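Report on one structure; see the data block that follows.
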Amino acid sequence: MDMHLGSVQISPHEQYFLRMQRNKEKKSMEKMGESNQCKRKLRVCVATCNRADYSKLAPIMSGIKSHPEDFELEVVVLGSHLIDDYGNTFRMIEQDDFDIGSKLHTIVRGEDEAAMVESVGLALVKLPDVIQRLKPDILVVHGDRFDALALATAAALMNIRILHLEGGEVSGTIDDSIRHAISKLAHYHACCTRMAEQHLIAMCEDHSRILLAGCPSYDKLLLSHHREDYMDIIKSWLDDKVQEGDYIVALQHPVTTNIQHSIKIYGLMLDALISFNKKTLILFPNIDAGSKEMVRVMRRKGIEQHPNFRAVKHIPFEQFIQLVSHAGCMIGNSSCGVREAGAFGTPVINLGTRQTGRETGENVLHVRDADTHNKIYHALELQFGKRYPCSKIYGDGNAVPRILKFLRSIDLDEPLQKTFCFPPVKDPISQDIDHILETQSALAVDLGGTNLRVAIVCMRGTIVKKYSQPNPKTFEARMELILKMCNDAMRDAVGLNCRILGVGVSTGGRVNPQDGVVLHSTKLIQEWSSVDLRTPISDALHLPVWVDNDGNCAALAERKFGHGKGVENFVTVITGTGIGGGIIHHNELVHGSTFCAAELGHIMVSLEGPECMCGSRGCIEAYASGMALQREAKKLHDEDLLKVEGMDMKLSEPITAAHLVSAAKMGNSKADAVLTKAATALGVGIINILHIVNPSQVILSGVLASYYQAPVQHVISQRALFSVQNIKVVTSDLEEPALLGAASMVLDYATRRIY
């Protein structure tokens, strides 16, 4: 019998095809139903190590627990949670109604660097059994603690996927290294800020596995910010008389890369808080190396018995939020100050370097060099009682829903081995063996008032060959000689197996290093203003050319080859025919807006002093330069007051500063008075530098350096502010600072591209 669809007849062949199609669709629907019924829940293990990371993990744990159809939650507790001295904070996890699957005692007491390493090792010994028993699909790890590094290492080696929270951030301590190491082990990332996301991408992490979620703690703190019982919480932790906004919350942790300095800052903070005389809630530091010494400092100062202080080991996060949000100020170096406190506009004083690099709102006042009680006290005066606009840099209160959605999207069938997204690189170019064996070198040019010198300088700072000629008086003759000497050196470099990378030029006067132009010259070099040095030298030699002031070059030489190597902030002062120098600040040379930032010789130390070559009066150079000493020596000689018995001085010999120094050493009181005045002027000028720039070291260079070193150090110890009196003044060991500095511009910038 034929089937009919309306008025259309269907043949037996077509009937068979329709039955097969319907059966196929039916089986497909049954298969989809079975798949939905058999879909396995994602087994998520959340591991928490301390009170701080639990505040970030607890909202995620609550979110996972509230979706039992999608997830199975396993909780592992380790680290300082299980230590009585730190409040046995595992109990608050139990009070939050989370079942703790494993408690691992992993902390080796000692609170020093060795104890931290041993704690990581102990955690690595214990974690494999727990991971094998729980068999999680994914492990959630937070932050940058050493315990978290052990968790990530164990999970990665046991082929467990890792979700890392708060990766990509920068804080300026050993935490950075640990945080980035965990990021490299992790398969997935939930970061808090756009900048952190960009950092992870720059670290070659797969963009598709990075979630910009925001900070999970913001989900809780933004909801519970306006609690009606906040005054009850404040009074329970402080006392009944305390008013909103009239107390301080203090939380300072050790910086493990500089423990002694951390302890010093902690003591200064406590002294400032005692002097400030406000009720203060102070939390004990975390368990990092140095915390034991910090607690000793607290107890030596009697903080736990002081009527203005309440010292506690732990405060539940919800209550801590209320205390921070209504405080007159928060002080210390906790990440809470630069992260959570911004959401309330609470004034924050961030001490030291532990949070350097963190993104902050305008509520944070940084006191990175917290080296005096007065500095911290002044910061308290500036910040206490203020109110700032609320900042949501780190979150908008919706991090947990984003993270749960991200977890649901994880495909467990994807290959476990993570891949990195490296930027494209050029294919390697084959090199001849002679090219490989060449010594990378620079051509250094030094234009002095008397001589013009050129040298071939290798990467280690060795002067391979040096050339010297009198400096011509005219521009044309000078440029012609520079190019001739450079060409001669280039030819010799081939025979010496030196590969010249570029040319560095050191010259007197004010220089624009960006354009390679001498703007204004000293009176010692004629016809040398508004001179483009870079273009003609580069065109003639077909090499890159760098140009800078001779004082700046001396500072660069010290940074690469001398006492400034590895020193972040220092000043070099040249004591020669004139007085010059250079300033290195945060490892960079300071030029200033008009390229005269380091004209140290023209710091005025007297309103009515001798006339200087710059046209002013009372400059350091007018007292302490070789020319100034020569002038005073001639005056004494003309008055027949210079020569003393036993002093060798020929009648035809020109009078120089060396004669003055020699006469002073042989007991000439007049000569000694001149030198004492010169050294005092130089010392006072250097004190001005110390008070403005605050370097950690002063390097004296030039022919008079060895004579001035001790007197200048004495002047500093007598006249400088107490905080800079111990800054060392050292004498340069470099014989050719101008040439070496000129070479360093080439050797650094041509090979590392940091200019």
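The values are calculated or read from the model by the stated rules, or taken from the named source; none is laboratory data. Note that the coordinates shown come from a computational prediction; the quantities given were computed from them, not determined experimentally. Here Cβ is always computed from backbone atoms with ideal geometry, including for glycine, and neighbour counts include all displayed protein chains. Side chains included, ligands, DNA and RNA excluded: accessible areas come from the protein's heavy atoms. Shrake-Rupley method; radii C 1.70, N 1.55, O 1.52, S 1.80 Å.
Annotations for the structure displayed:
- When residues in the stretch 503-516 are screened for being part of a strand (DSSP E or B) and either surrounded by fewer than 22 Cβ atoms within 10 Å (Cβ to Cβ) or touching a His at 6+ places or on another chain (Cβ under 6 Å) (or both), 2 of them pass.
- Residue match in the stretch 232-249 (condition: touching a helix residue (DSSP H, G or I) at 6+ places or on another chain (Cβ under 6 Å) and of a type in the set (Gly, Ala, Ser)): no
- Scope the stretch 495-518; condition under 19 Å from Ala555 (Cβ atoms), more than 32 Å from the chain's Cα centre (by Cα) and of a type in the set (A, V, I, L, M); matching residues: Val518
- Single residue of the stretch 582-608 satisfying the filter (over 23 Å from the mean Cα position of the chain (by Cα), open to solvent by less than 50 Å² (accessible area, probe 1.4 Å) and in contact (Cβ under 8 Å) with a residue 60 or more places away in the chain) that is nearest to Lys728 (Cα to Cα): Leu600
- Selected residue (only one of Gly214, Gly168, Gly245 is at positive phi and open to solvent by 20 Å² or more (accessible area, probe 1.4 Å)): Gly245
- Verdict on Asp638 being open to solvent by 60 Å² or more (accessible area, probe 1.4 Å), on the phi < 0 side of the Ramachandran plot and at pLDDT below 85: no
- Matching entry among Ile692, Ile699 (being closer than 30 Å to Leu501 by Cβ and either at pLDDT 95 or above or open to solvent by 50 Å² or more (accessible area, probe 1.4 Å) (or both)): Ile699
- Take the conditions (1) more than 23 Å from the chain's Cα centre (by Cα); (2) free of Cβ contacts under 8 Å to residues at least 40 places away in the same chain; (3) farther than 30 Å from Tyr467 by Cα; Val724 misses just one of them, which is (1).
- Test: residue in the stretch 351-364 that is in contact with a His (Cβ under 9 Å, 6 or more places away or on another chain) and farther than 30 Å from Val140 by Cα: yes
- Restricting the stretch 658-703 to residues that are among the hydroxyl-bearing types (Ser, Thr, Tyr) and in contact (Cβ under 8 Å) with a residue 12 or more places away in the chain, the residue that is nearest to Pro737 (Cα to Cα) is Ser701.
- Scanning the stretch 578-603 for residues that are touching a strand residue (DSSP E or B) at 6+ places or on another chain (Cβ under 6 Å) and over 22 Å from Asp515 (Cα atoms) yields a total of 3.
- The residues of the stretch 517-570 that are assigned to a helix (DSSP H, G or I), closer than 18 Å to Asn487 by Cβ and open to solvent by less than 30 Å² (accessible area, probe 1.4 Å), listed by number, are Ile537, Leu541.
- Qualifying residue in the stretch 546-565 (condition: free of Cβ contacts under 8 Å to residues at least 60 places away in the same chain and of a type in the set (A, V, I, L, M, F, W, C)): yes
- In this structure, Ala633 does not qualify as in contact with a Pro (Cβ under 8 Å, 6 or more places away or on another chain), open to solvent by less than 80 Å² (accessible area, probe 1.4 Å) and either at positive phi or not in a loop (DSSP other than H, G, I, E, B) (or both).
- The stretch 77-92: number of residues that are surrounded by 20 or more Cβ atoms within 10 Å (Cβ to Cβ) and free of Cβ contacts under 8 Å to residues at least 60 places away in the same chain: 3
- Listed by position, the helices (runs of 4 or more DSSP H) inside the stretch 217-332 whose residues that are within 26 Å of Arg91 (Cα to Cα) and within 30 Å of the chain's Cα centre (by Cα) number at least 2 are 217-224, 291-300, 317-325.
- Pair list, Cβ under 7 Å, 6 or more apart: the stretch 99-115 residue open to solvent by less than 20 Å² (accessible area, probe 1.4 Å), other residue in a loop (DSSP other than H, G, I, E, B): Glu111/Ile287; Glu111/Ala289; Glu111/Gly290; Ala115/Val108; Ala115/Arg109; Ala115/Ala289
- Test result for Met490, of a type outside the set (D, E, K, R) and under 23 Å from Asp539 (Cα atoms): yes
- Flag if Val684 is β-branched (Val, Ile, Thr), surrounded by 18 or more Cβ atoms within 10 Å (Cβ to Cβ) and farther than 20 Å from Gly449 by Cα: yes
- Looking only at the stretch 250-270, and only at residues there that are open to solvent by less than 30 Å² (accessible area, probe 1.4 Å) and among the polar types (S, T, N, Q), the one that is farthest from Pro347 (Cα to Cα): Thr256
Listed here are the residues, each with its yes/no results for (1) assigned to a helix (DSSP H, G or I); (2) over 20 Å from Gly576 (Cβ atoms); (3) charged (D, E, K, R).
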{"site": "Met649", "(1), (2), (3)": "no, yes, no"}
{"site": "Lys670", "(1), (2), (3)": "yes, yes, yes"}
{"site": "Leu682", "(1), (2), (3)": "yes, no, no"}
{"site": "Ile692", "(1), (2), (3)": "yes, yes, no"}
{"site": "Ile699", "(1), (2), (3)": "no, no, no"}
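- Taking first residues from the stretch 727-755 that are on the phi > 0 side of the Ramachandran plot and open to solvent by 50 Å² or more (accessible area, probe 1.4 Å) and partners that are in a loop (DSSP other than H, G, I, E, B) and at pLDDT 95 or above, no Cβ contact under 6 Å between residues at least 6 apart in sequence or on separate chains turns up.
- Some residue of the stretch 181-193 being crowded, with 20+ Cβ neighbours inside 10 Å, among the hydroxyl-bearing types (Ser, Thr, Tyr) and more than 26 Å from Val255 (Cβ to Cβ): yes
- Identification of strands (runs of 3 or more DSSP E) wholly contained in the stretch 433-494 with 2 or more residues that are under 19 Å from Ala554 (Cβ atoms), open to solvent by 70 Å² or more (accessible area, probe 1.4 Å) and touching a residue at least 60 places away in the same chain (Cβ under 8 Å) yields no element.
- Extreme residue, surrounded by the fewest Cβ atoms within 10 Å (Cβ to Cβ), among residues of the stretch 340-373 that are touching a helix residue (DSSP H, G or I) at 6+ places or on another chain (Cβ under 8 Å), part of a helix (DSSP H, G or I) and not hydrophobic (A, V, I, L, M, F, W, C): His373
- Looking across Leu281, Leu273, one residue alone is modelled with pLDDT of 90 or more, touching a helix residue (DSSP H, G or I) at 6+ places or on another chain (Cβ under 7 Å), of a type outside the set (Phe, Trp, Tyr) and closer than 21 Å to Val348 by Cβ. It is Leu281.
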